[in-house]
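Read through the structure below, which is laid out as structure tokens, and then see the notes.
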Amino acid sequence: MDTELIDDILTDIRHFLLCSTPQGWIDVALDNVPLLLIDHANCEKKAASTAMSMMYKYIDRRELLAKMSKLAREELVHFDQVTKIMYERNIEYIPVSAARYAAGLHKLVRKEEPNQLIDKCIIGAIVEARSCERFACLIPYLDETLAKFYYSLLKSEGRHFRDYLTLAELYADQPIDERVQVFLDAEKALIESDDVEFRFHSGVPSVA
């Protein structure tokens with residue numbers, strides 16, 4: 001793996017996020033690779049669904065339509081890739097509950113527009129940034145197939161992070177720094193605190 005390329009991709013993301021993934025989460029992830037892949041598949045499917053939902057709701061936002069249509073296509077390709085790896089490893093795609101992560105961020109979303117759109121874009125940026133950061137954290141520990149796959153996702157996930165943040169800035173009539181900070185503070189608390197279950201975006205699991 002090109003570690004310099006990984007560092008280049010992650011420079012902005014590491015500067016953006018307020019914390020790194022705790023080692024405790026990584027340790028549990030390595031002991032639960034089947035569950036990691038199942039929930040990763042769910043995350044890719046949800047990311048595509050979120051992009052499509054925004055396209056349906058905000059049909060008058062040309063820039064959003066262009067970025068979200070591309071994002072949705074890429075996320076569905078990633079979903080297909082994850083499930084292919086699962087099937088090759090005889091991992092059954094079973095239902096698993098959602099992490100508290102997304103709900104914890106979405107409860108802070110404002111109701112009125114365009115503030116709701118701006119908040120959703122900020123959340124999108126944070127989720128994509130965290131996904132990218134976690135891929136990078138896992139790469140050194142994974143088998144060659146999974147490491148190469150997660151390495152291949154870094155560029156697209158990093159671009160998705162920037163796309164969401166660009167849209168939030170575009171549709172706001174004032175700087176979004178304070179609003180971003182609100183969500184980053186909440187995200188840091190979710191990532192660093194103990195969690196009752198392991199998921200791709202969970203905190204540190206007390207029970208695997």
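The values are calculated or read from the model by the stated rules, or taken from the named source; none is laboratory data. Everything quoted here is computed from the prediction, not taken from an experiment. Glycine also receives a Cβ, built like all others from the backbone with ideal geometry; neighbour counts cover every protein chain displayed.
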Q: Determine, yes or no, whether Glu75 is of a type in the set (Asp, Glu), under 25 Å from Tyr150 (Cα atoms) and touching a Leu at 6+ places or on another chain (Cβ under 9 Å).
A: no
Q: Could you run through region 75-101 and say how many residues are modelled with pLDDT of 95 or more, closer than 23 Å to Met55 by Cβ and of a type in the set (A, V, I, L, M)?
A: 3
Q.
If I ask for residues that are without any contact (Cβ under 8 Å) to a residue 40 or more places away in the chain, more than 21 Å from Leu153 (Cα to Cα) and assigned to a helix (DSSP H, G or I), which ones from region 58-96 would you list?
A. Arg62, Leu65
**Q.** Lone qualifier among Lys111, Lys148 - being basic (Lys, Arg) and part of a helix (DSSP H, G or I)
**A.** Lys148
(Q) Here's a check for you: in region 101-146, which residue that is crowded, with 20+ Cβ neighbours inside 10 Å and among the aromatic types (Phe, Trp, Tyr) is nearest to Ile191 (Cα to Cα)? (A) Tyr101
Q. How many of the residues making up region 158-208 are assigned to a helix (DSSP H, G or I) and closer than 30 Å to Pro114 by Cβ?
A. 29
**Q.** Residue satisfying condition, being surrounded by 18 or more Cβ atoms within 10 Å (Cβ to Cβ) and farther than 20 Å from Ala47 by Cβ, within set Asp185, Asp163, Asp177, Asp195
**A.** Asp195
Q: Please state which of the following conditions Ser131 fails to meet, knowing it meets all the rest: (1) polar (S, T, N, Q); (2) closer than 20 Å to Gly24 by Cα; (3) part of a loop (DSSP other than H, G, I, E, B).
A: (3)
Q. Which of the residues belonging to region 107-137 are within 12 Å of His201 (Cβ to Cβ) and among the aliphatic types (A, V, I, L, M)?
A. Ile123, Ile126, Val127, Ala129
Q. Can you find a residue in region 136-155 that is basic (Lys, Arg), closer than 30 Å to Asp7 by Cβ and either out of contact with any helix residue (DSSP H, G or I) (no Cβ under 7 Å at 6 or more places or on another chain) or in contact (Cβ under 8 Å) with a residue 40 or more places away in the chain (or both)?
A. yes
Q: With the checklist (1) in contact with a Ser or Thr (Cβ under 9 Å, 6 or more places away or on another chain); (2) without any contact (Cβ under 8 Å) to a residue 40 or more places away in the chain; (3) among the aromatic types (Phe, Trp, Tyr) in hand, flag the one item Trp25 doesn't pass.
A: (2)
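Quick grid of which residues meet (1) exposed (fewer than 14 other Cβ atoms within 10 Å of the Cβ); (2) closer than 17 Å to Cys137 by Cα; (3) polar (S, T, N, Q):
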residue	(1), (2), (3)
Leu10	no, yes, no
Gln23	yes, yes, yes
His40	no, yes, no
Ala47	no, no, no
Met52	no, no, no
Arg61	no, no, no
Leu65	no, no, no
Arg73	yes, no, no
Phe79	no, no, no
Q. (1) surrounded by fewer than 17 Cβ atoms within 10 Å (Cβ to Cβ); (2) farther than 28 Å from Arg73 by Cα; (3) of a type in the set (A, V, I, L, M); (4) in contact (Cβ under 8 Å) with a residue 40 or more places away in the chain: which one isn't true of Val204, the others all being true?
A. (1)
